[in-house]
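The values are calculated or read from the model by the stated rules, or taken from the named source; none is laboratory data. Here the structure is a predicted model, which means the values were calculated and not measured. Cβ sites come from the backbone with ideal geometry, for glycine too, and all protein chains shown count toward neighbours.
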Amino acid sequence: MRDPENAIVEVELPDDFDDFWAAGLADCASYPLDPVLTEMPSLSTDKVIVYDLRYTSYGGLRIAGWYTVPRDRPAPHPALVTIPGYISEPTIPKEWSELGYAALAVAPRGKLRSNDVFNPGYPGLLTHNIIDHNTYGYRGFYLDVVRAVEVLLDRPEVDDLRIGLQGSSQGGGLGISTAALLPDVIRCVAAGAPYLCGIMTAPTLTRSYPYEEINEYLRVHPEDADRVRETVAYYDGLNFAPKVRAPTLLYLGLEDDVCPPETGFALRRVLTCETTLHAYPHCAHHAGLPGVMRIVEDFLAEHLTPGR
Amino acid sequence: MNFDSYWSAVDEELAVISARPGLDLVPARTTDEATSYTVRLTSTGPYRVFGHLSIPAGDGPFPALLRTPRHGSVNLVPHPNDRSRYVVFCLTHRGQRLADEGFSAAYPGLLTMGIDDPASYIYRGIAADCLRAAEFLMSLDEVDPARVAVSGDDLALLTAARRPGFSAVRLSELLFYRATEARLKSSRYPLEELNDHLRAGSSAQIVDKTLAYFDPVRHASAVTARTLLAVDDPDWCAALIGALPAASVYKLTHLDGTDNDFLDAWLAELSGVPPMSRFLV
């Protein structure tokens, strides 16, 4: 019988973890952000203005997003970056702007509209160059989310002191990494069913995708197990977690076959920031959805105060 | 064009286009339990669509499961639990990833692409892709023709309505059912696409006319298979439930571990295979 709350999930911390990510951030900084916003009247409503967004990220790639702003509320607005799941495309975050946020739904590289240059496909992203941490597909992907926050910092209608992150699954995992890489900027994180935590343990606890991609890769390349382990340690949320300073909301499904709950509890144990955890019995990867969204909305409102 | 003529024309287009299936073995997904392939098929257009096929190890014939595509750019690979029990075919329709040579579907955008003319509406081709997938799956020697199921949203219902031979239909996350009413309830995509499209100047009457061809209620009476409809609100779905000849209803609890297990067990029982939970204990 599994005991998710007390299971041991360990990840080695690479000696050069901080230097590795500092180098990635430095690469990003070597390119002008060059954000271009194009208003989309046909997608806008009487409550929300919708923009197509493009900006420059790691390696000089242009990245897309949807940016929405409340039409009927005075600036400055609190802001959210919403981060997509593994197989989902970012939707236009009108509902967040209806609640008073400037909201940026980022399409990291490989997602539609950001896949002209980098397109590992699905399945495929999780194992793209997984034997080399320097060229692993997720390196730019992680940094694209960081750059999305920098876009918000560049916007005059955004209150720089009220920026949060929201996402589930991959969006939850990257919420943790982004908050760790921008500890002075991020004010709160809502992370559901966080993926990319305990990356080498998770495939031993499930046969579901995306982690099953790692099992498949090692089925064909068993000799690469050590190199895979070395690579993903640089990307593991458990190694980012101690650097997160923002209050964090976690919600887990105790029968999650996609992101095993053991990994979510392990994340909770290594977070040193103010953390709230909701664990839902009999729930799988939805992790309490749709009901938990009210808790998410209240959490974000408490820290980001839309309508203030 | 009336409803029957519209769909007969799709069948006629498919009938004169050879599927010409091409299969490639996927070693990484081939185990003691099953052999996996990628598949390419020709649908109307002509357009080459994609799918993931898996065939259990051992002596068949096996029960079969067609998974029609979800609304989104990516479709999942058959889950190992399903690969061990069923001949599984997961279709990727035109425009989705892996079937996007020449046409890449936009999200948002796909739901309203060509919607102002039923003949050019993208979902006419997508439905054809699903029908082609059904024909392909049922043509496999490894499939037990008495145990073929289809699972998915409205496309699964439409497929079961237009291709005989399915013994079970498992439906959830309906997209087209009462879409013109549901679009008014929130600004959530994909139905918000309909609102966007109408704001841009299209006619609600024309959009409704096109969507009517895809209304699951209009297809339901042709579904002879045992059907499970998993829904949030049975009252909202009463018209569809009433139109399906052999429907049972599962009200989702939103304890999705419980819901997933129920849906798996329902089909497993009809197919004569053991139920399996995706959450390993």
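Here are a few things to note about the model shown:
- Top-ranked residue of region A:185-204 - restricted to ones that are surrounded by fewer than 24 Cβ atoms within 10 Å (Cβ to Cβ) and without any contact (Cβ under 8 Å) to a residue 60 or more places away in the chain, ranked as nearest to A:ALA7 (Cα to Cα): A:THR204
- Residues of region B:205-237 classified as assigned to a helix (DSSP H, G or I), out of contact with any Lys or Arg (no Cβ under 8 Å at 6 or more places or on another chain) and over 20 Å from B:ALA168 (Cα atoms), total: 7
- Residue ID - surrounded by the fewest Cβ atoms within 10 Å (Cβ to Cβ), chosen from residues in region B:59-77 that are within 10 Å of chain A (Cβ to nearest Cβ) and modelled with pLDDT of 95 or more: B:GLY72
- Within region B:158-170, residues that are surrounded by 21 or more Cβ atoms within 10 Å (Cβ to Cβ) have Cβ atoms under 6 Å from residues that are hydrophobic (A, V, I, L, M, F, W, C) and in a strand (DSSP E or B) in these pairs: B:THR159/B:VAL150; B:ALA160/B:VAL150; B:ALA160/B:VAL169; B:PHE166/B:VAL148; B:PHE166/B:VAL150; B:ALA168/B:ALA149; B:VAL169/B:VAL150; B:ARG170/B:LEU228, counting only partners at least 6 apart in sequence or on another chain.
- Yes/no for A:GLY307 being surrounded by fewer than 19 Cβ atoms within 10 Å (Cβ to Cβ) and either in contact (Cβ under 8 Å) with a residue 40 or more places away in the chain or in contact with a Leu (Cβ under 7 Å, 6 or more places away or on another chain) (or both): yes
- Inside region A:3-49, residues that are farther than 30 Å from A:LEU99 by Cα and either out of contact with any Pro (no Cβ under 8 Å at 6 or more places or on another chain) or more than 14 Å from chain B (Cβ to nearest Cβ) (or both) make up a count of 29.
- Of the residues making up region B:240-254, those that are surrounded by 15 or more Cβ atoms within 10 Å (Cβ to Cβ) and part of a helix (DSSP H, G or I) are B:LEU240, B:ILE241, B:ALA243.
- Test: residue in region B:18-38 that is among the small types (Gly, Ala, Ser), in a strand (DSSP E or B) and within 14 Å of chain A (Cβ to nearest Cβ): yes
- Within region B:89-112, tally of residues that are away from chain A (no Cβ under 14 Å) and either surrounded by fewer than 21 Cβ atoms within 10 Å (Cβ to Cβ) or among the polar types (S, T, N, Q) (or both): 1
- Subset of region B:255-281 [within 14 Å of another protein chain (Cβ to nearest Cβ), part of a loop (DSSP other than H, G, I, E, B) and crowded, with 17+ Cβ neighbours inside 10 Å]: B:LEU255, B:MET276, B:ARG278, B:PHE279
- Some residue of region A:27-36 being within 30 Å of A:GLU157 (Cβ to Cβ), touching a residue at least 24 places away in the same chain (Cβ under 8 Å) and touching an Asp or Glu at 6+ places or on another chain (Cβ under 7 Å): yes
- The lone exception for A:VAL117 - which of (1) part of a loop (DSSP other than H, G, I, E, B); (2) crowded, with 24+ Cβ neighbours inside 10 Å it fails: (2)
Matching residues to (1) out of contact with any strand residue (DSSP E or B) (no Cβ under 6 Å at 6 or more places or on another chain); (2) more than 20 Å from A:SER177 (Cβ to Cβ):
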position	(1), (2)
A:TRP96	no, yes
A:LEU99	yes, yes
A:LEU104	no, no
A:PRO108	yes, no
A:SER114	no, no
A:PRO120	yes, no
A:ILE130	yes, no
A:HIS133	yes, no
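- Qualifying positions in region B:183-202 - free of Cβ contacts under 8 Å to residues at least 60 places away in the same chain and closer than 16 Å to A:PRO90 by Cβ: B:SER187, B:ARG188
- Of residues in region A:205-255 being among the acidic types (Asp, Glu) and within 14 Å of chain B (Cβ to nearest Cβ), the one surrounded by the fewest Cβ atoms within 10 Å (Cβ to Cβ): A:ASP224
- Considering residues of region A:260-275 that are of a type outside the set (D, E, K, R) and out of contact with any helix residue (DSSP H, G or I) (no Cβ under 7 Å at 6 or more places or on another chain) only, the residue surrounded by the fewest Cβ atoms within 10 Å (Cβ to Cβ): A:CYS273
- Number of the exception - A:ASP298 against (1) without any contact (Cβ under 8 Å) to a residue 12 or more places away in the chain; (2) of a type in the set (Asp, Glu); (3) under 24 Å from A:ASN239 (Cβ atoms): (3)
- Some residue of region A:261-272 being within 14 Å of chain B (Cβ to nearest Cβ), within 18 Å of the chain's Cα centre (by Cα) and more than 30 Å from A:LEU161 (Cα to Cα): yes
- Among residues of region A:255-269 that are within 10 Å of A:LEU205 (Cα to Cα), those with a beta-carbon under 6 Å from a residue that is of a type outside the set (A, V, I, L, M, F, W, C) and in a helix (DSSP H, G or I) at least six positions away or on a different chain give the pairs A:PRO261/A:PRO4; A:GLU262/A:PRO4.
- From the options B:LEU155, B:LEU194, residue that is crowded, with 18+ Cβ neighbours inside 10 Å and away from chain A (no Cβ under 14 Å): B:LEU155
- Pairing each residue of region B:110-128 that is closer than 16 Å to B:PRO46 by Cβ with any residue that is not in a loop (DSSP other than H, G, I, E, B), provided the two are 6+ apart or on different chains, yields C-beta distances under 6 Å for B:ALA127/B:LEU158; B:ALA128/B:VAL10; B:ALA128/B:LEU14; B:ALA128/B:SER43.
- Qualifying strands (runs of 3 or more DSSP E) (wholly inside region A:1-105; at least 3 residues being surrounded by fewer than 16 Cβ atoms within 10 Å (Cβ to Cβ) and under 23 Å from the mean Cα position of the chain (by Cα)): none
- If you go through region A:89-105 and pick out every residue that is touching a His at 6+ places or on another chain (Cβ under 6 Å) and facing chain B (nearest Cβ under 10 Å), you end up with 0.
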